[in-house]
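To start, the structure itself, in structure tokens.
The values are calculated or read from the model by the stated rules, or taken from the named source; none is laboratory data. Bear in mind the structure is a predicted one, so any value in this text is a computation, not a measurement. Don't worry about glycine lacking a Cβ; one is built from the backbone with ideal geometry, like all the others, and counts go over all protein chains shown.
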Amino acid sequence: MNKQISLTQYLVEKQREKNLIPAELRLLLEVVARACKRISYGVGKGDLAGILGEAGSENIQGEVQKKLDVIANETLLEANEWGGHLAAMASEEMDHPYTIPNRYPKGEFLLLFDPLDGSSNIDVNVSIGTIFSVLRLPEGVHVPEEQSFLQTGSHQLAAGYAVYGPSTLLVLTVGDGVACFTLDRETGSWWLTTDGMKIPHDTKEYAINASNARHWHEPVKRYVADLNAGRDGPLGKDYNMRWVASMVADIHRIMTRGGIFMYPADSREPGKPGKLRLLYEANPMGFLVEQAGGMATNGHERILDIQPAALHERVAVFMGSRNEVERVTGYHGGES
Ligand code: AHG
Ligand code: MN
Ligand code: MN
């Protein structure tokens, strides 16, 4: 009989066998998983729990906050602030980092998150999720501030996302491949359901918000035109298009069966390089995609090598199946 492996057992074994994760990091990841479980239960109750609709506020990026954006943010803060493993947290929904209150012990890790990804899908019962990234407090820093979070994605110790879909899943990397856990809603346990997720190098599926086509820069216009030209075009095959508008759901599809996800910079807001945020969307997803054998760039360079200058900095994103990400990066060839 195949014995099921729980999230705890998976993490303990990673700690024991490969000495990959210190006990404090394991605790942190288990607490994040617990918070995601709580968010999942709220999402599952939907209107019965009064969680749909707008919160009546805006975040620092000028986006209208949904009730669930705020609830998920508070759930992650409350779950993580008292355990003693964190120095500070940063979130899409908070202007500035949240330092651990003085009544609690402090640890050496920094947690960053997009508490609720895919906000436009909350009220229409389509898959949404949570994205998170773990960094270490830089050496010699005792009081964490915004600067402490401005590390390249290659410094991440762990990253993951939860998808609140037909099943609730937790997809996680500690830098040794990618594992997927499924939540058993009856017992409240996470069980390993796929170890060593691998993104196929080739794909016939792409994901982009095509309604922005008129705003795209030339390289993206050319690349998408070539994809759409199909079998008779320069790429010699027919492609299919999928766009959920929840990054977690689109990336999860790509982690499962391949594809390329794109959110390019465009001419609408020349000062902003794209829509997605580097530190708590692109970096954790880039880490997971690379750990699954895929590739992640901003059209010019590896996302995980970009030195952030601000907490809520945005970045153009091309990630997923290696050969397509290489191709679209090649189309850029020095152009923006
Ligand atoms: P968030 O809900 O955290 O603000 O993120 C939404 C993001 C991402 O999940 C998705 O890929 C993208 O925005 C959708 O953008 P469009 O509205 O342009 O489709
Ligand atoms: Mn998001
Ligand atoms: Mn969000």
**Message:** From the list Gly129, Gly84, exactly one residue is more than 11 Å from ligand 3 (Cβ to nearest atom) and not polar (S, T, N, Q). Which is it?
**Reply:** Gly84
**Request:** Would you mind stating whether Leu112 is aliphatic (A, V, I, L, M), crowded, with 17+ Cβ neighbours inside 10 Å and in a strand (DSSP E or B)?
**Result:** yes
**Complete:** Of Phe132, Phe149, the only residue that is touching a helix residue (DSSP H, G or I) at 6+ places or on another chain (Cβ under 6 Å), among the aromatic types (Phe, Trp, Tyr), surrounded by 15 or more Cβ atoms within 10 Å (Cβ to Cβ) and under 21 Å from Val31 (Cβ atoms) is Phe132
**Evaluation of Gln9 against (1) assigned to a helix (DSSP H, G or I); (2) in contact with a helix residue (DSSP H, G or I) (Cβ under 7 Å, 6 or more places away or on another chain) (one fails), failing number** = (2)
**Asked** Under 9 Å by Cβ, and 6 or more places apart or on different chains, what pairs join a residue from the range 277-301 that is closer than 18 Å to Met89 by Cβ and within 16 Å of ligand 1 (Cβ to nearest atom) with one that is among the aromatic types (Phe, Trp, Tyr) and part of a helix (DSSP H, G or I)?
**Response** Leu279/Phe149
**Asked** Taking the range 251-285 on its own, how many of its residues are of a type outside the set (A, V, I, L, M) and touching a Lys or Arg at 6+ places or on another chain (Cβ under 8 Å)?
**Response** 8
**Item:** Pairs with Cβ under 8 Å, 6+ apart, first in the range 37-52 and on the phi > 0 side of the Ramachandran plot, second surrounded by 14 or more Cβ atoms within 10 Å (Cβ to Cβ)
**Value:** Gly46/Leu52; Gly50/Lys67
**Request:** From (1) under 23 Å from Gly165 (Cβ atoms); (2) away from ligand 2 (no atom under 16 Å from the Cβ); (3) at pLDDT 95 or above, pick out the condition that doesn't hold for Ile51.
**Result:** (3)
